[in-house]
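The values are calculated or read from the model by the stated rules, or taken from the named source; none is laboratory data. Keep in mind that this is a model prediction, so the values were computed, not measured. Don't worry about glycine lacking a Cβ; one is built from the backbone with ideal geometry, like all the others, and counts go over all protein chains shown. Just so you know, the surface numbers come from the protein's heavy atoms only, side chains and all, with ligands and any DNA or RNA stripped out. Shrake-Rupley method; radii C 1.70, N 1.55, O 1.52, S 1.80 Å.
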Amino acid sequence: MIMIDIPNIDANDLRAAPNYVDGQLSLSFAGSADSRSQGAIETMLGRVHTEAMRLGVPEVAVDFRDCDFVNSSCFKAFIVWLEQIQELDSEQQYRLRFFSDDTKAWQRRSLQALSCFAIELVHIESKPSRGGS
Amino acid sequence: MAVAEALPLSIVAQFRATTIERLGRIESAWGALTQRVGTAEGESELFHDVHTLKGEARLVGFADVVLITQRLEDLLVAARRRRYRVTEDVDVLVTMAIQFIRMLVRKRAGASQGGIDINGFLKQIDDVLAEWPRQSETPDASGATGARAGEGGKVSVAVRQRLGGAATQMFLELIMSDERPRLRRAWEILVGELAQLDAVPLMPLVRRHALSAKEVAAELGKEVDVVIEGPDAKVGIEVLDTIHAALLHTLRNAVDHGIEAPHVRAAHGKPRRGQILVNIRIDADAIVVTIEDDGGGIDTEALRRRAETLGLLSPEDASAAPDSTLIDLAFAPGFSVREAATTISGRGIGLDAVRAGIERLGGTISLESKRNVGANVSFQLPQSRRVIDVHRLPSTQPGVTFAVPTTWMVRAERGDDSIDPAIALGLRRAGASVSATLAHIVLARDGEEYPIVIGGSVTRVAAVRICPTSPDDGLEVVSVDDEKMLLIRPDAFFPSLRRSL
């Protein structure tokens, strides 16, 4: 079994957990990400980036469906992450697949804007909420 | 074909460094204002920084940065009007716009812009702005709000919106009166006058660019006459900004890449002085600008080689590609025939952004060339400047169509206490003949839901705002081709309806 070195987040109304199953690396967010969670998210995404490169995964899935909100500071961490991927050689680059709940307007708007930074690297998939929030 | 400013690389580097620093200040000031700890000085510096950034980007030819900065400025103006009490997702969008500009500015010279969706990002901002007042009011360099200098905007936004509201009411009367000709004429006059309030003269801008092109030619040791033809047309401010970016690139490109040096022209039997013709034409509701030069035309063989080098075409496809396919590549993100970025021309950024700006306004751009004869760039833009994506909702009253901004979701669902907007507006009496196809839908956004009855299936279209009203107004008239629709802002329309019941 391959272990991944990515910390969970469970503080300040935000829960985020990484998962690596069958060669697929994913992150699930639940709750709200405000400025208090910025540092934890930055650290987590930095580790995800390192692990994604180490594992050579073609894609990382990020599930926002149970997330109530991600504020601008925390969203910036995702932009930084995306820029890190863009800076890799094309053969090292991996895609980001976001699962969003389209009934949450902020998810639709923010993720679509994020995808404009690198449309080839970001894929948004709308799925019904898992009923978390 | 590439961007064609002949600026020293040091100036571009300085622009990059200054802009990165400026963006840091903009981000800090925005954060302070939205967290209610900003000062008047900080606010003033914020607008000054954004305004200066836009101007400097224009000067160095970063058209894509100009476009995004313009929208950022629009967002900031709208936020200021709300005293920076903005929703979190607007805050995210402003932050993203700052990051987007930073990314564009940081891009290495010659680096590909592939994958960056400028048009899509502009649309995201436009969707937000569509919910807010959309007008020409822009901060000047001092940060003070007011009409743009020289753009004739003497009528306040509030007055324009009230006139838009009056036009909308008149449109309702027009429908209810069964299209009385005199009422229709009055309505058309009012809408025409409203369009003129936002219109600014185009010729001063064209003349400035013509002068600038001649200066660039002189610096390059070339001789050129720039001839301007056409009426002294007026256009909307957003159209003017787009024409500005397009002229900047095409004129300088014509001088740098098209017009040959005098001795080369003489060797080809051409007059030593080159000529660039800028023709402006008004076609129905569109403005058409054509820039034609008598230079060397586009070197399609160079395009062919570059396309192959960049992997855009396989060697087989490249050798078989017709000139028209190769010329189309000039609009591809990041495409430039120059391998070394000794000037900003080699940056490969610009024409794709110009096309994105034109297409975003519903316009088109085309490029034709004949080797040693010259090149011709033509772009067409609708004169109306406000484009908004809407769900088109057929009404239960035949001949009447509603629309709702696409920032609202439409669910096919029968809700409780559905409202028929046609009845609510008195456009149809209950029990009168109705559209054959009734549909129940729910308009939803951010926890708000409004069930309504409509008379057909929903489609998504881009509409032009012909008489913008205040975002607090529930109604406005928009147009798609020749069809006029009543745009409903559910969050303003339905609560006011309930209050009036």
**Request:** Within a 10 angstrom radius of each residue's Cβ in B:439-450, how many Cβ atoms of other chains show up on average? Whole number is fine.
**Result:** 1
**Asked** residue B:317: net charge of surrounding residues, Cβ under 11 Å, Lys/Arg +1, Asp/Glu -1, itself excluded?
**Response** -1
**Message:** Need one number: buried accessible surface between chains B and A, 1.4 Å probe, both sides summed, DNA, RNA and ligands left out, in Å² to 100.
**Reply:** 2100
**Request:** Give me the accessible area of residue B:309, 1.4 Å probe, in Å² rounded to the nearest 10.
**Result:** 100
**Asked** Average partner chain C-beta neighbours within 10 Å, per residue of B:407-420?
**Response** 1
**Prompt:** Cα gyration tensor of the protein assembly as shown, axes a ≥ b ≥ c as square roots of the eigenvalues: rounded (a/c below 1.5), prolate (a/b > b/c) or oblate?
**Reply:** oblate
**Request:** Send over the semi-axes of segment A:9-126's equivalent ellipsoid, whole angstrom and largest first, taken as the square roots of 5 times the C-alpha gyration tensor eigenvalues.
**Result:** 21, 16, 14
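Quick check: with the 1.4 Å probe, what order do B:358, A:2, B:175 take by accessible area, largest first?
Largest accessible area first, the list is A:2, B:175, B:358.
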**Message:** For the protein assembly as shown, what does the accessible surface come to per residue with a 1.4 Å probe? Please give it in Å².
**Reply:** 42
**Request:** Measure up B:54/B:123; B:54/B:107; B:214/B:370; A:104/A:127 against 21 Å on the Cα-Cα distance and list the ones that go over.
**Result:** B:214/B:370
**Request:** Compute the relative contact order of segment B:387-500 as a whole-number percentage, counting only Cα pairs closer than 8 Å that sit 6 or more residues apart in sequence.
**Result:** 30
**Request:** Under 14 Å Cα to Cα from residue A:76, which aspartates and glutamates show up? Leave out anything in the same chain fewer than 8 places away.
**Result:** A:34, A:42, B:27, B:88, B:89, B:91
**Asked** In nm, what is the difference between 0.36 nm times the number of residues separating residue A:43 and residue A:120 and their Cα-Cα distance?
**Response** 25.2 nm
**Message:** Please state the shape class of segment B:200-382: rounded when a/c is under 1.5, otherwise prolate if a/b exceeds b/c and oblate if not, all from the C-alpha gyration tensor.
**Reply:** oblate
**Request:** Mind listing, in residue-number order, the residues in segment B:52-97 that have at least 30 Å² less accessible area with every protein chain present than in their own chain alone (1.4 Å probe)?
**Result:** B:88, B:89, B:92, B:95, B:96
**Message:** Rounded to the nearest 10 Å², what accessible area does residue A:74 have for a 1.4 Å probe in the complete protein model?
**Reply:** 0
**Item:** segment A:20-84 and segment B:268-282: distance between their alpha carbon centers, rounded to Å
**Value:** 55
**Message:** Only bridges whose two residues both fall in the protein assembly as shown count here: according to DSSP, what percent of them are antiparallel, nearest 5?
**Reply:** 70
**Rel. contact order, % - alpha carbon contacts under 8 angstrom, at least six apart, segment B:223-296** = 42
**Message:** From Cα pairs below 8 angstrom and at least 6 apart in sequence, can you work out the relative contact order of segment A:9-126, rounded to a whole percent?
**Reply:** 24
**Request:** List the lysines whose Cα lies under 20 Å from the Cα of residue B:234, skipping any in the same chain that are fewer than 8 positions away.
**Result:** B:154
**Request:** Order the following by accessible area, largest value first: B:51, A:123. Probe radius 1.4 Å; ligands, DNA and RNA are ignored.
**Result:** A:123, B:51
